[in-house]
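Asks: Next up is a structure, given as structure tokens.
Throughout, read-outs are computed from the coordinates displayed, never taken from laboratory work. Since we're looking at a predicted model, the values are computed, not measured. Here the Cβ is made from the backbone with ideal geometry for all residues, glycine too, and neighbour counts use every protein chain on show.
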Amino acid sequence: MITSTFIQGNSFLHKADPRLKTSILLCTVILFFLPLSITAMFIFFTGLVLISIYSLGFFKTLLPFKMVLPIIIFVIILTPPFFKDGASILIIKNIIILTSEGLLHTIRLILRVTGITISFYIFFSTTSINNFILALEWFKLPYKAALVITIALRYIPSMVIIYNNIQDAHKLRSSNTQKIYFWKKINNMFPTLVSVLIHSIKSIPILSMALELRGIGSATKRSQFNIIKSNKMILQITISGVILLLVILVALLI
Amino acid sequence: MSDNENNSSIKNFPAFKIASLAILIAVTTVFTYIIRIPIAPTRGYINFGDVAIFFTAITFGPMTAFLAGGLGTALADLFAGYAQWAPITFFAHGLQGLLIGLILRKKINIIGIVFSFLAATVVMAGIYYITAGFMYGFGPALAEIPGNILQNVAGIAVGLPLAAAVRKAYPPIQNYKW
């Protein structure tokens, strides 16, 4: 099971501060919802694609497009019929299928959904989950919340192994499970799910005792091994903020 | 000290809450991301994330269901490559768990089950529909509604008996609600 989307690399995005990247990601999403012109959206979108190709490579940049393809097909099929304003572009048997307004709106929606998808893809491909959690902590995410997510991330791979082992054990006891109906499949899976849940729940008291022993729940402020240093942060934020503002201004003016 | 007394005292510690949340988030992520049943006619699949949410809401209560359901499914979205949906998933499934937990908190009867199912479906499918509508249009967003309803049907159909079976096989779990 993949429990990290981080792709190793040495680009400027890999080296950039995760707090800065988190802020820029948020700005990018907001930007795609602003009433920009199609040209501005396209320039912004192309910039993101170029950054992705530079940081992650051409073939890895294709992945978010593949993931978003079904939605794009739905948008192409279902958006134009709702727009009747503008010049008619496609008419079949006296029925207006596509107007200029419908075409522009469809392009806008495709750019928005693909742009947001690629922004998140670039962020999580160049930022490890641990760094992302540290960034969230810097943005005042409570320590206990960060700890819960960290423990869950550590536990997920072990739970997958437990699930596979229990499933294999149950398979050995059951008859042939090939070509069976949906509800029969669920019925066959039921004992596995019960076993997995009981196994997981039994580990709660043990884990909580281990956390107690490590002083979790104590009022004393805890020290941390991994922290993000703040020296370059202010400079990076200032430069990026100025660049981002300029991009937004230029985009709004185009 | 009996097992039950031991469990009812341990659940008041912050460490117990952290541990139970972490384990249930992992359970929800694995149920969403790994346990999937294909549906032959449509070539789609049903994941068991909603099963985990129904189970958590009934067994551990509304707040645990809100956090574990929301974060577990959001992490599954993240690992599956749909990170852009993770914040929305957190609220959609989190509120779904919270509502089920609140409605079925006191007593589990047929009216409560139907009402919780309807409330959870409306909230979860509604949040996804509105967000998808803003992101890529309200027309295309309609296509997602049947899948979300089907997920909830599977969630309640499997989640309820699963909670009952786990309670029967492991009685100390009844003291874990907080």
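Asks: Find how much the distance from A:I73 to A:D168 grows on full extension, using 0.36 nm per residue of separation minus their present alpha carbon separation; answer in nm with one decimal.
Replies: 30.3 nm
Asks: Which one, A:L134, A:L207, A:L153, has the greatest fluctuation when you compute a Gaussian network model over chain A with C-alpha springs under 10 angstrom?
Replies: Evaluated over chain A, the most mobile residue of the options is A:L207.
Asks: Could you run the Karplus curve 6.51 cos²θ - 1.76 cosθ + 1.60 with θ = phi - 60° over the range B:133-140 and give me ³J(HN,Hα) per residue in whole Hz, x for Gly and Pro?
Replies: After applying 6.51 cos²θ - 1.76 cosθ + 1.60, I find x, 5, 7, 9, x, 6, x, x Hz.
Asks: How many nm is it between the label spots at A:I239 and B:I111, if each spot is 7 Å from the Cα in line with the beta carbon?
Replies: 6.6 nm
Asks: Give the average, rounded to an integer, of partner chain Cβ atoms located within 10 angstrom of each Cβ in A:80-88.
Replies: Mean shielding by partner chains, rounded to a whole number: 1.
Asks: Under 17 Å from a point placed 7 Å out from the Cα of A:F42 along the Cα-to-Cβ direction: which residues of the range A:87-107 have their backbone N that close?
Replies: Taking a point 7 Å out along Cα→Cβ of A:F42, the residues of the range A:87-107 whose backbone N falls under 17 Å are A:100-107.
Asks: Figure the gain on full extension for A:K185 and A:L26 (residue separation times 0.36 nm, minus the Cα-Cα span) and round it to one decimal in nm.
Replies: 53.0 nm
Asks: If you don't mind, another one. With runs of 4+ DSSP H residues as the only contributors, calculate the mean residue ellipticity of chain A at 222 nm using -39,500 (n - 2.57) per run, divided by the residue total and rounded to the nearest 500.
Replies: Counting only the DSSP helices, I get -24500 deg cm²/dmol.
Asks: Taking every pair of alpha-carbon atoms in chain B, give the share separated by more than 19 Å as a whole percent.
Replies: Above the 19 Å cut-off, chain B has 56 percent of its Cα pairs.
Asks: Between A:G217, A:G115, A:G102, which gets the highest mean-square fluctuation from a Gaussian network model of chain A, Cα cutoff 10 Å?
Replies: A:G217
Asks: Can you divide the C-alpha Rg of the protein assembly as shown by 2.2 N^0.38 Å and report the result to two decimal places?
Replies: 1.08
Asks: Would chain A count as rounded, prolate or oblate if I go by the C-alpha gyration tensor, calling it rounded below 1.5 in a/c and otherwise prolate when a/b exceeds b/c, oblate otherwise?
Replies: oblate
Asks: If you plug each phi of the range B:58-74 into the Karplus form 6.51 cos²θ - 1.76 cosθ + 1.60 with θ = phi - 60°, what whole-Hz ³J(HN,Hα) values come out, in order, with x for Gly and Pro?
Replies: Values, residue by residue: 6, 8, 10, x, x, 5, 5, 5, 4, 6, 5, x, x, 5, x, 6, 5 Hz.
Asks: Let me ask something else. Hey, could you grab the Kirkwood Rh for the range A:142-213? Inverse mean 1/r over distinct alpha carbon pairs, Å, one decimal.
Replies: Computed over the range A:142-213, the radius equals 14.4 Å.
Asks: By how many nm would the segment from A:I206 to A:S11 lengthen if fully extended, with 0.36 nm per residue of separation less the alpha-carbon distance?
Replies: Working it through step by step, the gained length comes to 66.0 nm.
Asks: Might you report the magnitude of the Cβ-based charge dipole of the range A:142-213 about its Cα centre, with Lys and Arg at +1 and Asp and Glu at -1, to the nearest 20 debye?
Replies: Its charge dipole is roughly 320 debye.
Asks: For a quick protection proxy, order the peptides A:104-111, A:70-77 by their average other-Cβ count within 10 Å, most packed first.
Replies: Result, highest mean Cβ count within 10 Å first: A:104-111, A:70-77.
Asks: Let me ask something else. For chain B, what does the helix formula give at 222 nm: sum of -39500 (n - 2.57) over DSSP H segments with n ≥ 4, over the residue count, nearest 500 deg cm²/dmol?
Replies: Calculated from helices alone, the mean residue ellipticity at 222 nm is -25000 deg cm²/dmol.
Asks: Counting Lys and Arg as +1 and Asp and Glu as -1, each charge on the Cβ, what is the dipole of the range B:3-175 about the Cα centre in debye, to the nearest 20?
Replies: Approximately 300 debye in magnitude.
Asks: I'd like the FRET efficiency for A:I96 and A:V250, computed as 1/(1 + (r/R0)^6) with the beta carbon distance as r and R0 of 25 Å, rounded to 0.05.
Replies: Efficiency computed from Cβ-Cβ geometry: 0.10.
Asks: Hey, got the average number of other protein chain Cβ atoms within 10 angstrom for residues in B:131-139?
Replies: Mean inter-chain Cβ contacts per residue within 10 Å come to 6.
Asks: Placing +1 on the Cβ of each Lys and Arg and -1 on the Cβ of each Asp and Glu in the protein assembly as shown, which of B:P14, A:L26, A:H105 has its Cα farthest towards the positive end of the resulting dipole?
Replies: Looking along the dipole axis, the top candidate is B:P14.
Asks: Moving on. Which whole-Hz couplings ³J(HN,Hα) result when phi for each residue of the range B:30-36 is put into the Karplus expression 6.51 cos²θ - 1.76 cosθ + 1.60, θ = phi - 60°, listed in order with x for Gly and Pro?
Replies: 5, 5, 7, 8, 9, 8, 9
Asks: Of all DSSP beta bridges located in the protein assembly as shown, what percent are antiparallel, nearest 5?
Replies: That works out to approximately 100 percent antiparallel.
Asks: Assign unit charges at the C-beta atoms only (+1 for Lys and Arg, -1 for Asp and Glu), then state the dipole size of the protein assembly as shown relative to its Cα centre in Debye, rounded to the nearest 20.
Replies: 660 debye
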